[in-house]
1. Please list, or write none, the aspartates and glutamates whose alpha carbon is within less than 15 Å of the alpha carbon of K81, excluding same-chain residues fewer than 8 places away.
2. Which FRET efficiency value, to the nearest 0.05, is calculated for L82 and R134 with the Förster distance at 45 angstrom and r the Cβ-Cβ distance?
3. Give the aspartates and glutamates reachable from K129 as a straight Cα distance under 16 Å; neighbours fewer than 8 places away on the same chain don't count.
4. Taking K97 as the anchor, which aspartates and glutamates have their alpha carbon closer than 18 Å to its alpha carbon, excluding any fewer than eight residues away along the same chain?
5. Provide the gained length on full extension for the span D238 to L24, in nm with one decimal, where the gain is 0.36 nm per separating residue minus the Cα-Cα distance.
6. In nm, give the distance between the simple-model label positions of D175 and H258, each being 7 Å from the Cα along the Cα-to-Cβ direction.
7. At a Förster distance of 51 Å, what's the computed FRET efficiency of T51 paired with Q182, Cβ-Cβ distance as r, to 0.05?
8. Under the Kirkwood approximation for Rh and a Cα-based Rg, what ratio Rg/Rh is obtained for segment 93-259?
Amino acid sequence: MENSSAPFDETESEGAKGGASRTLVRGLDILNAVSCGHTELGALAGALGLTRTTTYRLAATLVEHRYLTYAPRVGYGLGPKLLELGFIASRQTSVGKAAREHLELLSSGSGDTVHLGVLDEGRVLYLDKIPGARRVDISSRIGERQPLRSTGLGKALLLDEPASRLREIFQAEDDEGLAYPQDVDCWLARMAAYRDAGVAFDLEENPDRVRCVAAPLRGVDGKIIAAISLTSAAQYMDEARMERLAVSVRATARAISHDLGWRAPDPDVAATASRSAQTRRQTAAKP
């Protein structure tokens, strides 16, 4: 019996796949454009280089599936489905999982020990440790808790705190009888410099006499949620090398933060917002 089925056209199938991929990419481009503030149909079409008809068709599908919302005279907005997926993603993406590969690369590239830690009841809790290639015994252990003011991780976790809060933390550790080689004013001055640099140093401030370079990790809301550090014996960490390593540690921290959903603020947008806030304050101050 002759087979009456139409022959399988591989070329046509591949073409259909390509078209589907392009449609998917365009849909994702629309989501990104809306997130950047292009909420009207004309603005969306212009930003994406598509016709209004094509843009409307894609946006309508996204509205139907709750990835976008639409309101007359307001335009498009990100939809509740994205909130649901974001919540699920945040539960599935732990800091340790997001950081691990980056930390391994940092350790292998430097030859030094790398740590990951979080703030836990007034201490830094060590979540991960990757030993370096050097024959240096770093006594830290996963699961242990260390003071904040004397460790690189601890300082990095505190970089967003105001001076008043830092003073409280310093005094609390003093009250616990923890030894520290600096007075509070010296420590606060160093913390201010670390905040400006985006990295913090441990300059042999602990009994194990090691040095480290640390930087904070930020979550999707921009807040510090963890910190990483690169550690070695003082003989391998002179000031010049610590300054060089600061570049790598800071870049690694930014990469991990990006994977966790953080996006660096646009300098132009930040400057505009600052000027607007200043204008509002000046206007409010007028009689």
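None of the figures in this text is laboratory data; all of them are computed from the coordinates on show. Just so we're clear, the structure is a prediction, and the values are computed from it rather than from any experiment. Counting neighbours? That spans all protein chains shown, and the Cβs are built from the backbone with ideal geometry, glycine included.
1. Within reach: E64.
2. 0.50
3. Counting by Cα, and skipping residues close in sequence, K129 has these aspartates and glutamates nearby: E101, E104, D112, D137, E144.
4. Partners within reach: D128, D259.
5. Result for the pair: 71.9 nm of gain on full extension.
6. 4.3 nm
7. Computed FRET efficiency for T51 and Q182: 0.20.
8. 0.93
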